[in-house]
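The values are calculated or read from the model by the stated rules, or taken from the named source; none is laboratory data. Here the structure is a predicted model, which means the values were calculated and not measured. All Cβ positions, glycine included, derive from the backbone under ideal geometry; neighbour counts span all protein chains shown.
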Amino acid sequence: QEAHAAAMERTFIAIKPDGVQRGLISEIVSRFERKGFKLVAIKIVVPSKGFAEKHYHDLKERPFFNGLCDFLSSGPVIAMVWEGEGVIKYGRKLIGATDPQKSEPGTIRGDLAVVVGRNIIHGSDGPETAKDEINLWFKPEELVSYTSNSEKWLY
Ligand code: RTP
């Protein structure tokens, strides 16, 4: 019981402008929520192009980098931090493969998206990027620590 608090991991999840415009915010939030993950930060923001470039700095050599950053900064994004055991890896599983043509049915991209350039959601791909992305998108005081009522039944 007391051991789980220290092990709790956090990941950065963003609903991209296509997901927001298509009215998929509640659909996506509910999949993470029903799984048993805990929402510890959330905001709506239109990132600048420069901010999008920072977020995707690892991809700056890729041919789609410029278009990707234009797209991320083209409208409102829902930025979130989710917490729970295994949330980084399992969050990626909930999201599905990068290319929605290859994502399994039952995943967010498999169920709700069609092409890689409009794949509606982002999730950190490992502990290091999770930490970096949370720090990029949120100030420490925007992260809320609390005990949710369901925790004692989840863990
Ligand atoms: P994400 O971080 O967004 O979950 O995606 P990922 O790691 O699975 O994929 P990554 O290769 O890091 O690509 C990041 C985002 O770039 C866009 N993309 N476009 N060929 C293309 O046009 C292309 N390839 C990737 C996608 O929006 C992808 O999520």
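Against the test of being within 12 Å of the ligand (Cβ to nearest atom), touching an Asp or Glu at 6+ places or on another chain (Cβ under 7 Å) and farther than 23 Å from Glu53 by Cβ, the options Gly110, Gly96 yield a single qualifying residue, Gly96. Filtered by the rule that a residue be farther than 16 Å from Leu68 by Cα and of a type in the set (D, E, K, R), segment 98-128 gives Lys102, Glu104, Arg109, Asp111, Asp125, Glu128.
Regarding segment 8-16, can at least one residue be identified that is at pLDDT below 95 and either in a helix (DSSP H, G or I) or in contact with an Asp or Glu (Cβ under 9 Å, 6 or more places away or on another chain) (or both)? So far as segment 8-16 goes, yes, one or more of its residues are at pLDDT below 95 and either in a helix (DSSP H, G or I) or in contact with an Asp or Glu (Cβ under 9 Å, 6 or more places away or on another chain) (or both). Whenever a residue of segment 30-52 is hydroxyl-bearing (Ser, Thr, Tyr), its partners that are surrounded by 17 or more Cβ atoms within 10 Å (Cβ to Cβ), lying with C-beta atoms within less than 7 angstrom and at least six residues away or across chains, give the pairs Ser48/Ser73.
Each residue in segment 23-69 was checked for being outside any helix (DSSP H, G or I) and surrounded by 15 or more Cβ atoms within 10 Å (Cβ to Cβ), and 10 of them qualify. Among residues of segment 136-155 that are surrounded by 12 or more Cβ atoms within 10 Å (Cβ to Cβ), those with a beta-carbon under 6 Å from a residue that is part of a helix (DSSP H, G or I) and not acidic (Asp, Glu) at least six positions away or on a different chain give the pairs Tyr155/His4. Somewhere in segment 59-71, is a residue among the charged types (D, E, K, R), more than 15 Å from Ile13 (Cβ to Cβ) and away from the ligand (no atom under 13 Å from the Cβ)? There is no residue in segment 59-71 that is among the charged types (D, E, K, R), more than 15 Å from Ile13 (Cβ to Cβ) and away from the ligand (no atom under 13 Å from the Cβ). Considering only segment 117-152, state which residues are within 16 Å of the ligand (Cβ to nearest atom) and over 19 Å from Val29 (Cα atoms). Selection gives Gly117, Gly126, Pro127, Glu128, Thr129, Lys131, Asp132, Leu136.
If you go through segment 79-93 and keep only what is more than 9 Å from the ligand (Cβ to nearest atom) and within 25 Å of Cys69 (Cβ to Cβ), you end up with Ala79, Met80, Val81, Trp82, Ile88, Gly91.
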